[in-house]
Amino acid sequence: MNGLVVKNTGNDVWVRFADGQTKTCKVKGNFRIRSIRSTNPVVVGDIVEVDGNNQISDILPRKNHIARRPVNLSRQIHIIAANIDVALLVVTLRNPETSLTFIDRFIASAEAYSVDTILVFNKLDILDKKDNDELQHIIELYEKIGYRCIKTIATQNIGLTEIKATISGKIALLSGNSGVGKSTLINSILGYAGAKTAEISAYHHKGMHTTTFSEIYCLSDNTYIIDTPGIKGFGAVDMDEDEISHYFVEIFAKSKECRYPNCTHIHEPECAVRQAVVDGAIADSRYTSYLSMVEEVASNDKYRLK
């Protein structure tokens with residue numbers, strides 16, 4: 001019998017079946033010895049086959065997934081979730097501040113795994129005029145590239161109708177730094193306190209982890225939202241150095257005008273990408289993020305899936 005993995009705590013895996021039942025299952029031991037280069041062979045969003053003993057015997061092929069580096073020094077990667085229709089990256093300008101580099105790395109990783117990304121700008125109620133001007137500049141930057149942006153105040157249910165309409169009939173991944181309000185957003189969308197929330201650390205002005213593992217919440221028979229643990233950083237994984245420009249859509253588009261077809265956009269003459277940065281057609285922040293990912297992949301490829 002096949003079912004959808006809705007929660008995985010490491011030892012136990014919760015699987016939801018077509019009849020609406022959810023059962024706690026175990027992963028068969030042979031998964032541990034397969035050539036799987038991820039820290040978690042079974043992930044939220046997987047469609048799995050479950051035998052009569054409530055043991056997961058197989059994973060159906062994934063249409064996509066999103067992965068990040070593990071928090072330890074393991075050579076394996078950590079897959080956040082699988083079979084995602086859309087990723088909602090929750091961003092805050094203050095309390096805590098989400099860096100543009102983090103946004104760019106997430107977007108590039110989602111592009112690499114063929115997952116559409118929507119940026120959700122939360123906590124608008126704590127911004128002053130200067131902050132709002134900066135927010136508008138950031139939104140214009142990403143909308144110009146082609147990414148949809150939604151403004152929300154989760155505590156006041158502002159912007160939630162737009163999110164609900166956007167994810168209807170889909171499996172949506174909700175991600176972002178700790179403290180940006182992911183769990184509050186989910187609770188507001190669900191209409192009940194299904195996800196844990198916590199206050200921001202007054203000393204560090206950073207979020208404190210309240211979600212310790214990914215979990216799917218069911219909004220309807222065909223609409224799901226995945227709550228994920230807060231992510232501090234998003235390193236480049238499973239990428240080749242010469243592919244990274246493909247995941248920066250405006251860089252990839254401009255690269256067709258470069259003199260050399262294999263231009264790295266770093267040192268070659270007559271590089272249309274670098275000229276576009278000088279001209280302001282490509283944002284400095286985006287180009288800087290691109291360079292940081294190229295440098296990272298060039299210096300360390302041990303996280304690449306084989």
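The test for being in contact with a helix residue (DSSP H, G or I) (Cβ under 7 Å, 6 or more places away or on another chain) and either closer than 17 Å to D284 by Cβ or open to solvent by 30 Å² or more (accessible area, probe 1.4 Å) (or both) holds for D104. All of (1) modelled with pLDDT of 95 or more; (2) buried (at least 20 other Cβ atoms within 10 Å of the Cβ); (3) within 22 Å of the chain's Cα centre (by Cα) hold for V237 with one exception: (1). Pairing each residue of region 120-147 that is without any contact (Cβ under 8 Å) to a residue 40 or more places away in the chain with any residue that is in a helix (DSSP H, G or I) and open to solvent by 60 Å² or more (accessible area, probe 1.4 Å), provided the two are 6+ apart or on different chains, yields C-beta distances under 8 Å for L124/N132; D125/T155; D125/Q156. Here is the figure for region 62-120: residues that are modelled with pLDDT of 90 or more and in a strand (DSSP E or B) total 14. Residues that are within 22 Å of E111 (Cα to Cα) and open to solvent by less than 50 Å² (accessible area, probe 1.4 Å) were ranked within region 50-68; the one that is farthest from the chain's Cα centre (by Cα) is N64. If the condition is being more than 21 Å from I226 (Cβ to Cβ), open to solvent by less than 30 Å² (accessible area, probe 1.4 Å), in contact with a strand residue (DSSP E or B) (Cβ under 7 Å, 6 or more places away or on another chain) and of a type outside the set (F, W, Y), then region 115-158 contributes L135, I139.
Could you tell me whether region 278-295 includes any residue that is outside any loop (DSSP other than H, G, I, E, B), open to solvent by 50 Å² or more (accessible area, probe 1.4 Å) and modelled with pLDDT under 95? Yes: one or more hits.
The values are calculated or read from the model by the stated rules, or taken from the named source; none is laboratory data. The shown structure was predicted, so the numbers you read here are calculated from the model rather than taken from an experiment. Reconstructed Cβ throughout: ideal geometry from the backbone, glycine too, with neighbour counts over all protein chains shown. Calculation scope for accessible area: heavy atoms of the full protein, side chains included, ligands and nucleic acids excluded. Shrake-Rupley method; radii C 1.70, N 1.55, O 1.52, S 1.80 Å.
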